[in-house]
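The block underneath contains the structure these notes are about, expressed in structure tokens.
The values are calculated or read from the model by the stated rules, or taken from the named source; none is laboratory data. Given the structure is predicted, the values throughout are model-derived calculations rather than measurements. Neighbour counts run over all protein chains shown; Cβ positions are idealised from the backbone, glycine included. Remember, those area values only see protein heavy atoms, side chains included, never the ligands or the DNA or RNA. Shrake-Rupley method; radii C 1.70, N 1.55, O 1.52, S 1.80 Å.
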Amino acid sequence: MSQAQQGSGAQPRVRRMQRPNPTPKAGRNLPAAIAVGLAMLFAVLGGLLFLPLGFVVVTTTFAAMGAWEIFRALEVSGTRIPIVPVMTGTVAMPISAYFGGLESLLFAMLLSSVAVLLWRSIESAEGSARSIFGGVFTLAWVPFLISFAVLPLHATGGATPVGLYEDGVVPQGAWQIVTLLLLVVSNDTFGYLVGASLGRHPMAPKISPKKSWEGFAGSVAGAMVIGVLASIFLLDKPWWVGVALAVGMVAAATAGDLAESMVKRELGIKDMSSVLPGHGGIMDRLDSIVFASPAAFILFAAFART
């Protein structure tokens with residue numbers, strides 16, 4: 001994933017940007033990054049294909065860890081968000097999306113935002129505006145956006161399963177999520193490989209100096225191959241649907257990557273945390289997915305009748 005810029009100050013539990021980098025060219029410990037990435041992918045796909053509620057639990061756990069990382073990063077910068085309503089909303093949104101669909105997700109986001117406002121209103125007025133804004137921002141950035149990855153599993157025509165899929169048949173919505181994940185992973189993998197070896201022209205040097213236009217081209221090309229294969233063999237759609245999905249996912253994932261880099265630059269940190277070897281924090285893994293999830297939901301809806 002992308003790397004942030006020069007930071008300032010040092011605080012416990014937040015990895016600062018002046019920390020020596022053992023892999024300056026690639027920007028990460030490649031073996032550790034691959035091992036952690038594959039372990040996360042297999043865990044997610046295992047729940048998705050065999051136990052849908054397990055996938056929701058994994059997604060909710062990642063969202064909660066991401067929200068906690070943002071809470072700690074904002075706390076270092078002097079902004080303390082109301083963590084209780086934020087974490088409650090973070091847990092509620094993916095579950096609401098799974099059992100209630102889009103309307104329930106929107107309602108959960110609204111209630112969570114109101115809860116942040118009310119919770120903060122009973123505390124001191126000092127810094128309340130920044131605290132409320134930070135809380136709502138965290139809710140919108142992580143749990144709300146990532147819950148769009150759960151929406152395809154909501155059974156609009158029948159009961160949403162609590163256990164295994166009915167008759168053991170994996171629904172189309174699950175294959176849509178698999179395609180989303182494969183495209184996000186291919187975006188990161190091909191972009192990293194091409195950018196690390198051929199990258200010469202920075203895409204956004206003031207935000208993420210290691211992200212290059214060559215890497216972006218590699219992401220698009222690699223994702224197109226994966227998208228075409230997924231479209232034909234997983235989604236039973238024409239090949240050009242895979243091309244459109246690939247372009248949309250790479251654009252959304254890159255935007256999410258750059259957005260997190262801007263946040264980290266503003267906060268003066270390198271990674272949100274160091275919980276994942278070779279990756280940094282959970283948000284350094286979720287940054288692409290949170291933007292790609294709503295984009296995928298919209299594109300799948302647009303191609304539903306194709």
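Tabulated values for the structure
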| read-out | value |
| --- | --- |
| Filter result (assigned to a helix (DSSP H, G or I) and open to solvent by 60 Å² or more (accessible area, probe 1.4 Å)) within the stretch 202-215 | Trp213 |
| Residue in the stretch 112-126 that is least open to solvent (accessible area, probe 1.4 Å), counting only those that are among the small types (Gly, Ala, Ser) and in contact with a helix residue (DSSP H, G or I) (Cβ under 9 Å, 6 or more places away or on another chain) | Ser112 |
| Qualifying residue in the stretch 148-156 (condition: open to solvent by 30 Å² or more (accessible area, probe 1.4 Å), over 19 Å from Phe50 (Cα atoms), assigned to a helix (DSSP H, G or I) and hydrophobic (A, V, I, L, M, F, W, C)) | no |
| The stretch 66-91: number of residues that are open to solvent by 60 Å² or more (accessible area, probe 1.4 Å), in a helix (DSSP H, G or I) and in contact with a Leu (Cβ under 9 Å, 6 or more places away or on another chain) | 0 |
| Residue match in the stretch 249-270 (condition: among the basic types (Lys, Arg), more than 18 Å from Ile146 (Cα to Cα), over 12 Å from the mean Cα position of the chain (by Cα) and open to solvent by 60 Å² or more (accessible area, probe 1.4 Å)) | yes |
| The stretch 35-64, subset more than 26 Å from Thr160 (Cα to Cα) and touching a residue at least 60 places away in the same chain (Cβ under 8 Å), residue surrounded by the fewest Cβ atoms within 10 Å (Cβ to Cβ) | Ala35 |
